[in-house]
Amino acid sequence: MRRLLLTACAVALAPFIALVPAPAAAQAPPATPPPLATPAKPAPRAINKLPTIDMFELANGLRVAVLRTDAAPVVSVQLWYRAGSKDEPRNRRGSAHMFEHMMFKGTRNVRSESHAQFISGVGGYVNAQTDEDATHYINTLPADYLDFAIKLEAERMRNLLFRPDMIATEREVVKEEIRQQENSPIAKGFLRFLEVAFSKHPYAWTAGGNLRDLDATTPEDLKRFYDAYYQPNNALLVVVGKTTTEAVKAAAERHFGALAKAPPPPRPAAEAVEPLQTAKRREVVEPGQIGLALVGFHIPPAKHKDVYALQVASIILGAGESSRLKLRLKATDPKTKRPIALDGGMESIVREDPGMAIALGAYLDAPQGDAIEAAIFDELGKLGAKGPTPDELRKAKNQVQSGFVFSLENAQGLAQAIGRSWILTGDPGMFMRDVDEIEKIKAADVQRVVKQYMTPSLATVVIIPPKGVAAPPPAAKAPPATPAAPAKKGAN
């Protein structure tokens, strides 16, 4: 039911990153190419006509985004709620994740599991995902059943049943997912890294949840969360596929229109702004099954203009086998005759609030941890000193651009891009304008953001030795950080 954001660098390219501009296409060769002609370098491929997103809002505050595409006789109906793990009470971690399961377990008019069974019965597909910023529900099905899917989503927006037996069962399901995460050394390492990196903001935990908090969570706690966040004025209905705006509007008014508007929900993250980090943080923690060296840096929120260049920088440094960190960490060390690391990479985790760029290296021998940390800082220094080469810059753009083109052919992927864009920036169509913005990034932009955000003095470093290596005694706590200045706004 959910995509846990706990892979080698925390998450595959976030939807905001992966659905940006178009890929390069090779220039057309001349009619009679000269012998042994050097192949032309790829040039950016223009997208002549991007699809249009129609937007409207119901009287109760429900926002609706519609994008028509006739590629197949299907529609993807998705409901996005601003209800992620950053909206949970600090002592009730896992509440948002619980709803990802509970919303399929019965409402006033639909029996448990029937929502999924109904959609499956007409040849459709359902899913749901929870992350730090949002929870969303997916229905992809034949276009003829558009009204039916919207009716089902409206039903569970306000009519969910809070049966104690169901809650107890789903709590155990979520707890088992957490236990599976705990068996992953990379997942455990990432969780520990977040705890060190975020001293105040709820990004210090992921959407997976916490065993102790889940055991303490009551049906009344969950009902309060539901009544606060599962409301029409805290949601975006996205419909992509073979339909019309008129049909969607009629169905939305018919099924959601009678729901009352609610007060704005609480936003714990707004009261827990992460203090500005002014000094390096470094911690060596309990050994794991494999060694991990994590080096991260705070980056601006998704709406900030520097996010584009930071994404490109992270790709140049750590995405793909030819990236700088991959080549450096997996190259044979002349002294030891072995690679520095088993593997490594880097990822920019872009969030609605300020996120993180994280580099990672995995290793087996204790001394390699320090070597990986040094190599990461060295590669960052090189990129900050000279910037990327023209080929590196073009390749990085191409990597993210290809995802955008693929998404245009897939109703479900496009709907998710629209929903994610709304969550991250407040604008469902922002990801389409990013097509132009990413192409504007110059080598100097990449160089600047690396020097500004990825300096050793601003790093958070967590070293997890491989088992068999004793962890040092806990270090003294650092003095409180200076409060952060207000985040700079500017989407372009």
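Across the alpha-carbon atoms of segment 218-270, the computed radius of gyration and Dmax are 14.6, 43 angstrom. Across segment 74-85, coupling constants 3J(HN,Hα) worked out from phi with the 6.51/-1.76/1.60 Karplus curve, θ = phi - 60°, read 10, 9, 10, 10, 10, 10, 9, 10, 6, 8, x, 5 Hz, and Gly and Pro carry x. Counting every other Cβ atom within 10 Å of each residue's Cβ, Lys386, Lys280, Lys395 order from fewest to most as Lys386, Lys280, Lys395. Along its first, second and third principal axes, ordered by size, segment 123-191 spans 46, 29, 24 Å in Cα coordinates.
Structural descriptor for segment 281-464: relative contact order 35 percent, calculated from alpha carbon pairs under 8 angstrom and at least 6 residues apart. Estimated translational diffusion coefficient (Stokes-Einstein, Kirkwood radius over Cα pairs, 10 °C, 1.306 mPa s) of segment 97-237: 96 µm² per second. Report note on the peptides 173-180, 350-357, 369-376: ranked by the mean count of other C-beta atoms within 10 Å, highest first, their order is 350-357, 369-376, 173-180. Coupling constants for segment 193-198 follow from the phi torsions by the Karplus curve (6.51 cos²θ - 1.76 cosθ + 1.60, θ = phi - 60°), and in residue order they are 4, 4, 4, 6, 6, 10 Hz; glycine and proline get x.
Once you divide the Cα radius of gyration of segment 290-332 by 2.2 N^0.38 Å, the number left is 1.39.
Here, P(r) means the percent of Cα pairs in each 5 Å bin from 0 to the largest distance; for segment 173-275 it is 2, 9, 13, 14, 15, 14, 13, 9, 8, 3, 0. Over 31 Å apart at the Cα level, from the set Lys330/Lys395; Lys175/Lys451; Lys249/Lys395; Lys305/Lys467; Lys105/Lys303; Lys105/Lys249, are Lys175/Lys451; Lys249/Lys395; Lys305/Lys467; Lys105/Lys303. For segment 65-152, the spherically averaged projection of the C-alpha convex hull amounts to 6.4 nm².
Listed by chain and number, the aspartates and glutamates whose C-alpha is less than 19 Å from the C-alpha of Lys397, apart from same-chain residues fewer than 8 away, are Asp306, Glu321, Glu347, Asp434, Asp436, Glu437, Glu439, Asp445.
Spread over its residues, the convex hull of the C-alpha atoms of segment 281-464 is 130 Å³ per residue. Ignoring aspartates and glutamates fewer than eight residues from Lys242 along the same chain, the ones with Cα atoms less than 16 angstrom from its Cα are Asp54, Asp70, Asp144, Asp147, Glu409.
Under the combined filter of DSSP loop state and at most 13 neighbouring Cβ atoms within 10 Å, segment 397-452 retains these GluC sites (Glu not before Pro): Glu409. Computed on segment 131-242, with alpha-carbon pairs under 8 angstrom and 6+ residues apart, the relative contact order is 37 percent. Normalised by the number of residues in segment 300-400, the average gap of Cα pairs under 8 Å and 6 or more apart makes the relative contact order 26 percent. Computed from the Kirkwood radius of its Cα pairs, the Stokes-Einstein diffusion coefficient for segment 390-450 at 37 °C and 0.692 mPa s stands at 258 µm²/s. Net charge dipole, segment 250-394: roughly 280 debye, given to the nearest 20, about the Cα centre with Cβ charges of +1 for Lys and Arg and -1 for Asp and Glu. The label point for Ala279 and the one for Ala216, both projected 7 Å from the Cα toward the Cβ, are 3.1 nm apart.
Quick note: the coordinates plus some simple rules give every number you see, no bench work behind them. Just so we're clear, the structure is a prediction, and the values are computed from it rather than from any experiment. Counting neighbours? That spans all protein chains shown, and the Cβs are built from the backbone with ideal geometry, glycine included.
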